[in-house]
Amino acid sequence: MAKIMNKKDYKGKITSIKNVALNTYEMKISSDLDNAMCGQFISILCPNKTLRRPFSIADFDKENKILTVLFKLRGEGTQYLKSLKENDTIQFMAPLGNTFKLENKNCLLVGAGIGIAPMLFLKKEMNKKGIKNYLISGFKEENEIIYGSDENVVGGSVLDNLEDLIKQKNIEVIYSCAPTIVLQKIAQLAQKLSIKSYIAMERVMACSIGVCRGCVIKIKKNNEIIYKSVCQDGPVFEGCEVVWD
């Protein structure tokens, strides 16, 4: 995974904001940001709130310098974003975090809920490079589906029949963004089948720049346990490195 260090504050203009699923919105932002890669995120300043809110980048149009984020209504920060209109301005820090390592192999992409956001960006980049991929996403209800996947699982678990799908499609590497328990099961399944997995961890990030250490996880490296921040050292990690408590 590559680290991108040219992060800074930007002022952006909302070019569109629309409801795309139950309590879920797509927001497009125009700014001077000239590059963003799949796996990275931005951190948006919400007025009268001490902490910024992090959001995975769901797409980036480099030619027009427009980035896309998806957000689900969860609290005051996302309620503020929902209240924004076209041509409103926001302040955000970007690009944050590392990126997915693209491998020219048969790839399975797994998203769950709002975790589909970086998977959509990753799928787009893989398609550009001619990398064979299949995106499967899971949602609790039909009206929560965010479209763009090759297959949607509704009501059950995205993990159901995943091993059969991997074998059927001769998958060689898995990429995923989902709740922790799903990522854990995917990483363990990948190890069982002796294939690689890259996972984008979902964590509450207070500072988004590695200062507060509030999003620290355990990583096993050279038979030693070390601590890394999801926001600074991630959010993408190899599944086999993560120590699941």
Which of the residues belonging to the range 143-158 are in contact with a Leu (Cβ under 8 Å, 6 or more places away or on another chain) and surrounded by 15 or more Cβ atoms within 10 Å (Cβ to Cβ)? E144, I146, G148, S149
May I ask you to list pairs of residues, at least six apart or on different chains, whose Cβ atoms are under 9 Å apart, with the first in the range 200-216 being under 19 Å from G77 (Cβ atoms) and the second being of a type in the set (F, W, Y) and modelled with pLDDT of 80 or more? M205/F41; S208/F41
Test I136 against the criterion of being β-branched (V, I, T), at pLDDT 95 or above, farther than 12 Å from I57 by Cα and touching an Asp or Glu at 6+ places or on another chain (Cβ under 6 Å), and give yes or no. yes
Answer residue from the range 187-244, given it is in a loop (DSSP other than H, G, I, E, B) and basic (K, R) and is surrounded by the most Cβ atoms within 10 Å (Cβ to Cβ) among those: R203
Taking L159 and the conditions (1) assigned to a loop (DSSP other than H, G, I, E, B); (2) without any contact (Cβ under 8 Å) to a residue 60 or more places away in the chain; (3) of a type in the set (A, V, I, L, M, F, W, C); (4) closer than 30 Å to F92 by Cα, which numbered condition does it fall short on, given that it satisfies the others? (4)
Selection from the range 45-68 of residues at pLDDT 95 or above and buried (at least 22 other Cβ atoms within 10 Å of the Cβ) yields F55, S56, I57, A58, F60, L67
Members of the range 69-105 that are surrounded by 15 or more Cβ atoms within 10 Å (Cβ to Cβ) and either small (G, A, S) or touching a helix residue (DSSP H, G or I) at 6+ places or on another chain (Cβ under 9 Å) (or both): V69, L70, F71, K72, G77, I90, A94, L96, G97, N98, F100, L102
Answer with yes or no whether L108 is part of a helix (DSSP H, G or I), within 24 Å of S176 (Cα to Cα) and in contact (Cβ under 8 Å) with a residue 40 or more places away in the chain. no
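The values are calculated or read from the model by the stated rules, or taken from the named source; none is laboratory data. Fair warning: this is a prediction, and the values are worked out from it, not measured in the lab. Please note: Cβ atoms are built from the backbone with ideal geometry, for glycine as well, and neighbour counts cover all protein chains shown.
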